[in-house]
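Reviewing the structure listed below.
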Amino acid sequence: MSIAPPVPIQTTTRTLLEFSNLAMTFPDGTIALSGVDLTVRAGEFVTVVGPSGCGKSTLLRIASGLEKASEGTVDIATQRIGYVFQDATLLPWRDVQANVELLAELQWDTKRVRSQKARAAIDLVGLAGFEKHLPKQLSGGMKMRASLARSLTLEPELFLFDEPFGALDEITRERLNDELLSLFAAQQFAGLFITHSVSEAVYLSTRVIVMSGRPGHIVDEFEVPFGMPRDPDIRFTAEFASLVGDVSHALREGHRL
Amino acid sequence: MTRVGLVPRLRRSWPSILVFTALIGIWYFISYVLLAEKERFLMRPPHEVAQKLLDPAVAGAIAEALWSSAVVALTGLLIAIVIGMVWAIAMSQARWIERSLFPYAVVLQCIPILALVPLIGFWFGYDFPARVIVCVMIALFPVVSNTLFGLQSVDRGQRELFQLQGATRWIVLSKLELPTALPAIFAGMRISAGLSVVGAIVGDFFFRRGSPGLGSLISNYQSRVQGAELFAAIIVASLFGVAIFILFGWLGKRVVGSWYDFNS
């Protein structure tokens, strides 16, 4: 069904995450996922799109270990996993610096090491100069940047994103998409990104997975032929529009089933 | 925190000043118009009460009683805060602990402490320890319930953030739950502070042993029909309650005010 020919981007074969025949049934009997096979390799940025309630967030929660799948196997080849939540989940009593240091602190890094890590991460997300600001003094986009920086301190090999930009306005969202792409190019992590925005999915990823709900399963998969780094203007090309159209179509087809 | 100048502060508080003036007016009206000359001892006019407050003999007695009650109230409050927080933290650690202990916090809140005061005197004597126990019992519940509520109000995402790093219970408690709970804890402490003053006066009112506090003093003035002195003591007791309430409001603002909108 997929039309785009697979274009190898950086075909390192190392598999970081592999779900096979994954199923998830909640205690109340709701079947959230069924028969999901999904692989994320190093160098890949995989995005899962699907309607709300199709179990795509559950996928991430299983990958991170927050939930246990009821069936199937999960293979994770790395300890260094970053997780970015839907909300920035910053601690309101800590300033940006201390918030970004948190994960390193929980890993028992020394004060010097974690402050160095935090400073580097803050620079990467463009928050330099805001170290002493409290979360309530930051805009939604800046909070998300701080949250990203916090995960970056783990130097993740696998980065899980649970609709991180869903609550942001369009302009901020596009800017953060661009910055996430350049981080991806620079930091060499593999990404698994959940979203319900098709254009965000196509723009960010090397592969788009389309899910459908009740129970959540994969209905289609698209390789994204655009190379990295990506020019923001590809969003206005016919090729981009046509791929977005295809994904949207698959999404709608899957939803109808 | 911004400092508010005197003029805007006055402008903002003029309604309460107006009410105060009106109350004084009503007070005078009752003293001089409603009460006949020989009934006036029931409600001495404000200036006589003020004179008593300035009279060294009366003021000295009240100050001494205030000191004694303040020591009782603050000791009781401190113990209530410690017990209350430990109690709440224990309950926050496991559902079964909460289920077994929370009902008793509620029972404690529902017991009319006044009914227990004679029993407390019976068991613990009528001196300092008994008075402190009365204080603790009255002041405990708001600390317990507010601390528990605060500890349980941690955002799920933040909790999972800690969970993903394999944080221990102790780390989650000290770095996430307790800081999250601080605003609620301070709100609870402020309520308890007011209640501990009530406890100190009630205990003293009943026991009337040891160094006399505001309760004994009020009780003495009442039995000697010293209306003006009685009013003076009541006013000082009220001001003490207000002061301790403000103190804890200020403390809360100092501690969490930078990141939490703690209204004082």
Q | Euclidean distance between Cα centres, the range B:14-78 to the range B:112-130, Å | A | 28
Q: Could you compute the FRET efficiency for B:F245 and B:S16, with r as their C-beta to C-beta distance and R0 at 22 Å, rounded to 0.05?
A: 0.90
Q: Along each of the three principal axes of the Cα atoms of chain B, give the extent in whole Å, ordering the values from largest to smallest.
A: 77, 54, 29
Q. Label point 7 Å out from A:N21 along Cα-to-Cβ: which residues of the range A:208-226 have amide N under 20 Å?
A. A:215-219
Q: Provide the packing ranking of B:118-124, A:21-27, i.e. peptides ordered by the mean count of other C-beta atoms within 10 Å per residue, highest first.
A: A:21-27, B:118-124
Q: Between B:V7 and B:D261, take the C-beta separation as r, use R0 = 35 Å, and let me know the FRET efficiency to the nearest 0.05.
A: 0.90
Q) At B:R40 and B:L78, where each label point lies 7 Å from the Cα along Cα→Cβ, what is the point-to-point distance in nanometres? A) 4.6
Q: For helix B:214-223, report the angle its Cα long axis makes with the longest principal axis of the Cα atoms of chain B; keep it between 0 and 90° and round to the nearest 10°.
A: 30
Q.
In whole Hz and in residue order, list the ³J(HN,Hα) couplings for the range A:138-144 that follow from phi through the Karplus curve 6.51 cos²θ - 1.76 cosθ + 1.60, θ = phi - 60°; x for Gly and Pro.
A. 9, 6, x, x, 5, 4, 5
Q: Determine the relative contact order of chain B: mean sequence separation of Cα pairs under 8 Å and six or more apart, normalised by residue count, in whole percent.
A: 25
Q: Just give me a number: lysine pairs in the protein assembly as shown, eight or more positions apart or cross-chain, with C-alpha atoms less than 19 Å apart.
A: 9
Q) Given H placed 1.01 Å from N in the peptide plane, which residues other than close sequence neighbours of A:M211 have an amide H under 5 Å from its amide H? A) A:V49, A:G50, A:V219
Q) Where does the range B:157-264 land on Rg/Rh, using Cα atoms and the Kirkwood Rh? A) 1.25
Q) What number comes out for the charge environment of A:G53, summing +1 per Lys or Arg and -1 per Asp or Glu over other residues with Cβ under 15 Å away? A) 0
Q: Hey, can you grab everything whose amide H is under 5 Å from the amide H of A:F159? Only 5+ residues off in sequence or another chain; H modelled, so Pro and N-termini drop out.
A: A:G82, A:A190, A:G191, A:L192
Q: Please say if the range A:90-155 is rounded, prolate or oblate, where rounded means a/c under 1.5 for a ≥ b ≥ c the square roots of the C-alpha gyration tensor eigenvalues, and otherwise the choice is prolate for a/b larger than b/c and oblate otherwise?
A: prolate
Q | Dipole magnitude (debye, nearest 20) for chain B, charges at Cβ of Lys, Arg, Asp, Glu | A | 480
Q) How big is the antiparallel share of DSSP beta bridges in chain A, given as a percent to the nearest 5? A) 50
Q: Count the net charge of all other residues whose Cβ sits under 15 Å from the Cβ of A:G35, scoring Lys and Arg as +1 and Asp and Glu as -1.
A: -3
Q: Could you tell me whether the protein assembly as shown comes out rounded, prolate or oblate from its Cα gyration tensor? Rule is a ≥ b ≥ c as square roots of the eigenvalues, rounded for a/c under 1.5, then prolate if a/b exceeds b/c, otherwise oblate.
A: prolate
**Q.** Under the Karplus curve 6.51 cos²θ - 1.76 cosθ + 1.60, θ = phi - 60°, whole-Hz ³J(HN,Hα) for the range A:66-72, x wherever Gly or Pro sits
**A.** 6, 10, 10, 5, 7, 8, x
Q) Amide H to amide H, which residues 5 or more places from A:G35 or on other chains are under 5 Å from it, using H placed in the peptide plane? A) A:L22, A:A23
(Q) Which of the three applies to chain A, rounded, prolate or oblate, going by the alpha-carbon gyration tensor with a ≥ b ≥ c and a/c under 1.5 meaning rounded? (A) prolate
Q: Counting helices only, and only those DSSP H runs with n ≥ 4, report the 222 nm mean residue ellipticity of the protein assembly as shown as the sum of -39,500 (n - 2.57) divided by its residues, in deg cm²/dmol to the nearest 500.
A: -19000 deg cm²/dmol
Q.
Give the average, rounded to an integer, of partner chain Cβ atoms located within 10 angstrom of each Cβ in A:101-108.
A. 4
Q) Mind checking the mean number of beta-carbon atoms from other chains within 10 Å of the Cβ atoms in B:253-262? A) 2
Q. What is the ratio of the Cα radius of gyration of the range A:122-257 to 2.2 N^0.38 Å, where N is its residue count, to two decimals?
A. 1.13
Q. Once you average over the residues of B:161-172, how many Cβ atoms of partner chains fall within 10 Å of each Cβ?
A. 4
(Q) Along the Cα→Cβ direction, 7 angstrom out, place labels at B:L101 and A:A186. What is the inter-label distance in nm? (A) 4.9
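The numbers here are math on the coordinates, done by the rules we state, and not lab data. Given the structure is predicted, the values throughout are model-derived calculations rather than measurements. Here the Cβ is made from the backbone with ideal geometry for all residues, glycine too, and neighbour counts use every protein chain on show.
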